[in-house]
Amino acid sequence: GQGVKQAEAPAGKDSKKPVIKIGYLPITHAAPLFIEEELGKSKFKQFELQLVKFGSWPDLMDALNTGNIQGASVLIELAMRAKEQGIDLKAVALGHKDGNVVVTANDIQQVADLKGKSFAIPHKFSTHNVLLYLMLKQSGMKLSDLNVVELPPAEMPAALAEKRIAGYVVAEPFGARSVAIQKGKVLFQSEQLWNDSVDCGLVLRGDFIRSNKDAVAEFVAEYVKAGAVAERKDAQAKQILSKYMSVEDKVLDLSLQWIKYDELKLDAGSYKELQTYMKEMGLIPNPPSFEDFVDNSFIDEAMKR
Amino acid sequence: MSDSAAVRVLDLCKSFGSDRGDSEPVLSDISFSVEKGELVSLLGQSGCGKSTLLNMIGGFEKQDSGQIVMAGQPAARPNRKCVMLFQHYGLLPWRTVLKNVELGLEDSGLDASRRRQRARDYLRLVGLDDKQDHFPRELSGGMQQRVALARALALEPEIILMDEPFAALDTFTRYYLQDELLRIRKQTKMTIILVTHDIDEAVYLSDRILIMSANPGRLDKEIRIQAARPRDRGDGEFQHYRKQILEQFHFDRPPSPAEYSI
Amino acid sequence: MSDSAAVRVLDLCKSFGSDRGDSEPVLSDISFSVEKGELVSLLGQSGCGKSTLLNMIGGFEKQDSGQIVMAGQPAARPNRKCVMLFQHYGLLPWRTVLKNVELGLEDSGLDASRRRQRARDYLRLVGLDDKQDHFPRELSGGMQQRVALARALALEPEIILMDEPFAALDTFTRYYLQDELLRIRKQTKMTIILVTHDIDEAVYLSDRILIMSANPGRLDKEIRIQAARPRDRGDGEFQHYRKQILEQFHFDRPPSPAEYSI
Amino acid sequence: MIRQLTKTSHVLIGFVLLLAFWQVTVLIGGFEESLFPPPLKVGKAIVSLIENGSLWTHLQVSLLRFGIGYSTAVVSAVALGLTFGLLPRLWVYIDPIVQVLRPVSPIAWSPFIVLWFGIGNAPAIVIIFLAAFFPVLLSTVSAVRKVEPIYLKVARNLEMRRFPLVAKIILPASFPYIANGLHIAIGTSWIFLVSGEMVGAQSGLGFLIVDARNYLRLDLVFAGIICIGLCGLLLDKAVGLLERWIERQWGR
Amino acid sequence: MIRQLTKTSHVLIGFVLLLAFWQVTVLIGGFEESLFPPPLKVGKAIVSLIENGSLWTHLQVSLLRFGIGYSTAVVSAVALGLTFGLLPRLWVYIDPIVQVLRPVSPIAWSPFIVLWFGIGNAPAIVIIFLAAFFPVLLSTVSAVRKVEPIYLKVARNLEMRRFPLVAKIILPASFPYIANGLHIAIGTSWIFLVSGEMVGAQSGLGFLIVDARNYLRLDLVFAGIICIGLCGLLLDKAVGLLERWIERQWGR
Ligand SMILES: Nc1ncnc2c1ncn2[C@@H]1O[C@H](COP(=O)(O)OP(=O)(O)OP(=O)(O)O)[C@@H](O)[C@H]1O
Ligand SMILES: Nc1ncnc2c1ncn2[C@@H]1O[C@H](COP(=O)(O)OP(=O)(O)OP(=O)(O)O)[C@@H](O)[C@H]1O
Ligand SMILES: [Mg+2]
Ligand SMILES: [Mg+2]
């Protein structure tokens, strides 16, 4: 460790490489970030990467909105909301595809069984909320038919095990956790409810993008490469992931089964679909337009290489 | 050894452990007895063990050796027959005067109205029936001491123990309360043991004065005051007793200031 | 109207606002003067305004009307020429005895070693040079009062005001300290104004006694004590003054207990 | 009357100063409005909260939760405190446990609180309970030990039995210290309202703040802060009044 | 010596009781091990934290942050408290502001704390500062007012000037109450360590707990709770010792 740092310091001084601070939560959905840092550390030419771990989405958003970090792997809906509130953010890539599961207590057989029960989501502005909405809609129910509570993801498995809630939908590995200890089961995979669903995205601050185009280009390129590594889900990927997340192997394996890391580009179609849902649910009356919010130039460039 | 003794103290010894772990004798071989209806003063300098002795008689403190016999029975723990009056009165500040006097009667099987009546009677005896709904802090020191006295009297005890009852009062109030005490005593025929460091007070009030000296505390001398009552602090007989006691104290110790142990 | 007066008090009035908003007169039309080197006692019952009067002389309280003149100049605020000794001594518990005595000398331009020397000298005067490194709480009440006296004396003031300086001490200590006060006064030729409610103390110590009565506080009578020193509390002349003062108090008020305002 | 008026004017001037300081900070700092809303915007947010009635709802819920958590904490802590204060032999074993549990933030407990008490009202109440319980317990135990020995002597002299001793002597004699503990506890437990209402609650002032933060409506966060501050102040004053009322009953 | 031994034995017995209670709860409640870890598992977690050295690192970081936040809070709050205590005319305007700010949880402030102080060490220090500042300020102000008038009279009699008055009379005379405030503050601010280290910190005991919670490693959460509890206890004792040391210097 130390030798590397010493070798790195003078180089950093000479070229004044910009530091990209990226906020994340320790969830399986941020795997490309972990791999990018782990494999690329000290090899990046245009920038230095610094990952900053947060304990909850609101804490992460505070840091992102105030410019204390340059970007984050964050719920895309939350970033849209910030954008709508006037924070200059751009989504440059996705974190993953699929891999959100609706977990319920073992005695829940169908969606109708949830009626009148408590159901947990991590955040109002989340794909999970949308997934819940879609699930209910498909079964002809409304959000008001059950008691939706926002709960820190870490609290969900315990709440389910003690039957305080009938189910939850949340990022991984929290869903896999309940399944692994047999306190819950998968009622739906996200793709059953919403094909090509959009969830966590890699978001950067607009001012940073504008003044550090080269750095961002390299960063996104490396990110896409890292996604490919993650998608292999081999021993190396798992070893890196467990270093950043330290969960039991069983849980990690299970959650990796459900996730895809290949196509990390946020395409206009999916985004439009998301916009529609957000409007339907009344979460964001005027979602930012695709052009305003999504900057696919870097990822397009990276995929060309 | 007559049965008329209200309190008999026999070879009492007491020491307190000091900070350094060794124990210092505070009282050594104290013996005396008090007849029924007698008013006896314990007179001595600060720190000679007067309060300790009185606390032991009251049962608040255990002796190391020796015996205390009350009305023929060995005394062990505080009881209602022998009531202590404290220097700072020990009134409960959260109760009115009347409620303070009633305190001792509340678990005695008396019904509420008779209890109240009895408390009022004793308040009248000490001349405070018009203050029954005041709280202690609204009264002067002298009045508070009278309430404490009424509370003790309401228990109709056989013996009252008083620890420097008038020391915190000004001279004029003190004189008045001393007369009050004598008047009430005449009515109730109580046995009283009184601790004081005031020679005048001891001579004015007592049937008998027990003079204590310190390190360790012991009884030095007993003086029976035979002056007729009411006594006059200015007359020759009074001054004679006064002088006798003062000499007793000077007799014990050289006049060097360092030895005054103040 | 001679210039030899250390303190001259002229038509002093003072009232305190009560809880109900109206103001009650506490002192009315007090006039007297104290000569240089004289020891004057203010004698009166509790609540007659003795402390208030002393506080006004010391400059701690403002008068409503009237004048206080000290050494020819109107007095306004507390100053080092006129030092107050408080009943509870006012020693700083976080300083040693020596440091307490030094307190008044610290900003007076004296260097550290001379300051220390002077503090030690006055501690020796009160007989406490061996206790200089003790903290106040390690001393008995009598010793603490002597430290406070040493602190006051170290300022070499012209006047010392004392508010019931010996009231909290036991009789024996009180007697001893009264003698000490007279001895020190002889050495230093201080002017002393002393508040007390103890008739014996006033007669034993004073050149002159000012008797105060209450509601509102006023000066009733002035008694010059001409008995030779050292005085004997037991002798006839002493008892004569005693009686005279007692009568003064009985004269004022009927003997009914309710009127004693205790 | 006049005293009351001057006091109010002091309070008003204080707040005007605060508002001025706030506005100046916003202006000088050049902060983004959505990140650091100026007073006017917050004022509008408060008005809108009052108008749509949600402030009142949240307030009611919070006060209810707080009332339950605080009062159960007070009752149980005073009862246990009296017991432990009277049984010092037992307390020596309990004391170290309490000392170690006390400095742990209720937030740290939240996974276990969810496990044992579920979500919604219960965790909020439990967290408020925890925050109030320890200060009251500790101050009651030490209050019992500080009861003037002279009162206990009087009681022994009257041959009082255990129960009247506690009811007539120990409780009123230790009341001022206990009240002090109650006072401290109301402050600390009100502070934890926000934490308590983060665990699955869907209403309450704490939820209002958390929710507004999720919505990135920092003006509403500020509005919630102001409400919590004012309510905390009022609660504190209310406990103070209650305290003084009891003391007046007991003639102090 | 013997007293020290019996005291230690009380502490030990207390903890054994606690462990027994904990184990019994796990057994009777039939809780899933991963949701409510039994003592043995937590013990192993603590050992592993010690062995890989991370406990020590987290502890150091937390103590450093706490030290900076607490000590700056104490210094500034005592200085301001002395000032306001001596200038009651000023305090009447400040008092209402303080009273409204005090009951607000530092968590509620966190969006603004991040805005002004960024992430990492600073917000943790600021939150600890806030948690310690108000109790110390309030207790200092009231301590200055409780200084026995007799000491002030002595000072006036000696014609003492402002500065020596504060240094020689007011500070030592009000010290016992200030110390009491310091004591309360160390407890409350330590409690907020967890909240403080939630805002983007990458190390520290609070981070350890939050992080372990997100990993669903509740045995580590428990380990963190135990460390925080023990450290809080030790800090409290340390302040107590310091307090007694100062008091001994001042002969009480
Ligand atoms: N609980 C105690 N522990 C240790 N020493 C004690 C205790 N109580 C009293 N003493 C010591 O015993 C001696 C006698 O104390 P006591 O209070 O009986 O004296 P006293 O004659 O009543 O004095 P005073 O006139 O000042 O009240 C003193 O030296 C005192 O220091
Ligand atoms: N600050 C004050 N505010 C209101 N009333 C006061 C104040 N100080 C004293 N008094 C009243 O003034 C009267 C005289 O008080 P003062 O303390 O001077 O009496 P005193 O003669 O010194 O009594 P004692 O012998 O008890 O010390 C009392 O009735 C008292 O209640
Ligand atoms: Mg005594
Ligand atoms: Mg007075």
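Just so you know, in region B:37-48 the residues that are away from ligand 3 (no atom under 13 Å from the Cβ) and touching a Lys or Arg at 6+ places or on another chain (Cβ under 6 Å) include one that is farthest from B:Ser4 (Cα to Cα), and it is B:Val40. Residue count for region D:192-226, restricted to those that are free of Cβ contacts under 8 Å to residues at least 40 places away in the same chain, part of a helix (DSSP H, G or I) and open to solvent by 20 Å² or more (accessible area, probe 1.4 Å): 3. Screening region E:157-186 for residues that are under 24 Å from the mean Cα position of the chain (by Cα) and among the aromatic types (Phe, Trp, Tyr) and picking the one that is modelled with the highest pLDDT gives E:Phe175.
Scanning region A:20-62 for residues that are outside any helix (DSSP H, G or I) and among the hydroxyl-bearing types (Ser, Thr, Tyr), we see that the one that is modelled with the lowest pLDDT is A:Ser42. Scan region C:98-135 for residues that are within 13 Å of chain E (Cβ to nearest Cβ) and within 22 Å of C:Ala167 (Cβ to Cβ) and the total you get is 1. Scan region C:93-122 and report the pairs whose first residue is modelled with pLDDT of 90 or more and whose second residue is among the acidic types (Asp, Glu), with Cβ atoms within less than 8 Å and a gap of 6+ or a chain change. Sorted first by the residue in region C:93-122, then by its partner, the pairs are C:Thr96/C:Asp133; C:Val97/C:Asp133; C:Leu98/C:Asp133; C:Arg115/C:Glu102; C:Arg115/C:Glu106; C:Arg116/C:Glu102; C:Ala119/C:Glu102; C:Arg120/C:Asp129. Of all residues in region A:84-112, those that are open to solvent by 40 Å² or more (accessible area, probe 1.4 Å), in contact with a strand residue (DSSP E or B) (Cβ under 8 Å, 6 or more places away or on another chain) and not in a loop (DSSP other than H, G, I, E, B) total 1.
Could you please find all residues in region D:45-90 being of a type in the set (Ser, Thr, Tyr) and surrounded by fewer than 18 Cβ atoms within 10 Å (Cβ to Cβ)? Step through it out loud before you land on a result.
Taking region D:45-90 as the starting set, the residues that turn out to be of a type in the set (Ser, Thr, Tyr) are D:48, D:54, D:57, D:62, D:70-72, D:76, D:83.
Passing the criteria: D:Ser48, D:Ser54, D:Thr57, D:Ser71, D:Thr72, D:Ser76, D:Thr83.
Residues that are within 13 Å of chain D (Cβ to nearest Cβ) and assigned to a helix (DSSP H, G or I) do not occur anywhere in region E:242-251.
Taking only pairs six or more apart or across chains, which ones have beta-carbon atoms under 9 Å, a first residue in region A:27-56 that is closer than 21 Å to A:Gly175 by Cβ, and a second residue that is surrounded by fewer than 18 Cβ atoms within 10 Å (Cβ to Cβ)? Short answer, once both residue conditions are applied: A:Pro32/A:Lys225; A:Pro32/A:Ala228; A:Phe34/A:Lys243; A:Lys53/E:Gln202.
Here C:Gln178, C:Gln187, C:Gln87 are screened, and the one residue that is at pLDDT below 90, part of a helix (DSSP H, G or I), closer than 20 Å to C:Leu39 by Cβ and not charged (D, E, K, R) is C:Gln187. Selection of region A:84-115 for residues being in contact (Cβ under 8 Å) with a residue 12 or more places away in the chain and of a type in the set (Asp, Glu) yields A:Glu84, A:Asp88, A:Asp98, A:Asp113. Can you find even one residue in region C:222-240 that is within 16 Å of ligand 2 (Cβ to nearest atom) and either surrounded by 16 or more Cβ atoms within 10 Å (Cβ to Cβ) or at pLDDT 90 or above (or both)? Within region C:222-240, not a single residue is within 16 Å of ligand 2 (Cβ to nearest atom) and either surrounded by 16 or more Cβ atoms within 10 Å (Cβ to Cβ) or at pLDDT 90 or above (or both). Pairs linking a residue in region E:152-169 that is assigned to a helix (DSSP H, G or I) to a residue that is among the basic types (Lys, Arg), with Cβ atoms under 9 Å and 6 or more positions apart or on different chains, are E:Val154/C:Arg151; E:Ala155/E:Lys168; E:Arg156/C:Arg77; E:Asn157/C:Arg80; E:Leu165/E:Arg156; E:Lys168/C:Arg95. Evaluation of D:Pro123 against the conditions (1) buried (at least 24 other Cβ atoms within 10 Å of the Cβ); (2) within 13 Å of chain E (Cβ to nearest Cβ); (3) assigned to a helix (DSSP H, G or I); (4) within 21 Å of the chain's Cα centre (by Cα) shows that the sole unmet condition is (2). Candidates are the residues of region C:49-72 that are among the charged types (D, E, K, R) and more than 14 Å from chain E (Cβ to nearest Cβ); the one that is farthest from ligand 3 (Cβ to nearest atom) is C:Asp64.
Rundown of residues vs (1) touching a Ser or Thr at 6+ places or on another chain (Cβ under 8 Å); (2) not in a helix (DSSP H, G or I), yes/no style:
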{"residue": "D:Leu17", "(1), (2)": "no, no"}
{"residue": "D:Ala20", "(1), (2)": "no, no"}
{"residue": "D:Gln23", "(1), (2)": "no, no"}
{"residue": "D:Leu35", "(1), (2)": "yes, yes"}
{"residue": "D:Thr57", "(1), (2)": "yes, no"}
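Can you find even one residue in region B:37-47 that is in a loop (DSSP other than H, G, I, E, B) and buried (at least 20 other Cβ atoms within 10 Å of the Cβ)?
Yes - at least one qualifying residue is present in region B:37-47.
Considering region D:32-44 alone, what residues qualify as being open to solvent by 40 Å² or more (accessible area, probe 1.4 Å) and within 14 Å of chain A (Cβ to nearest Cβ)? Residues satisfying the conditions are D:Glu32, D:Glu33, D:Lys41.
Say we look at region B:171-226 and pick out the residues that are within 25 Å of C:Phe249 (Cβ to Cβ) and of a type in the set (Ser, Thr, Tyr); which of these is nearest to ligand 1 (Cβ to nearest atom)? Among residues in region B:171-226 that are within 25 Å of C:Phe249 (Cβ to Cβ) and of a type in the set (Ser, Thr, Tyr), the one nearest to ligand 1 (Cβ to nearest atom) is B:Thr196. So, A:Leu60, is that one without any contact (Cβ under 8 Å) to a residue 60 or more places away in the chain and buried (at least 24 other Cβ atoms within 10 Å of the Cβ) or not? For A:Leu60, the condition - without any contact (Cβ under 8 Å) to a residue 60 or more places away in the chain and buried (at least 24 other Cβ atoms within 10 Å of the Cβ) - is met. B:Arg77: part of a loop (DSSP other than H, G, I, E, B), more than 16 Å from ligand 3 (Cβ to nearest atom), out of contact with any Leu (no Cβ under 7 Å at 6 or more places or on another chain) and without any contact (Cβ under 8 Å) to a residue 60 or more places away in the chain, yes or no? Here the answer is yes, as B:Arg77 does meet what is asked. In region C:179-207, of all residues being away from ligand 2 (no atom under 16 Å from the Cβ) and closer than 16 Å to C:Phe86 by Cα, the one that is farthest from the other protein chains (Cβ to nearest Cβ) corresponds to C:Ile192.
The values are calculated or read from the model by the stated rules, or taken from the named source; none is laboratory data. Keep in mind that what you see is a predicted model, and the values were worked out from it rather than measured. Cβ coordinates were reconstructed from backbone atoms using ideal geometry, including for glycine residues, and neighbour counts include every protein chain displayed. Keep in mind that these areas ignore ligands, DNA and RNA; they rest on the heavy atoms of the full protein, side chains included. Shrake-Rupley method; radii C 1.70, N 1.55, O 1.52, S 1.80 Å.
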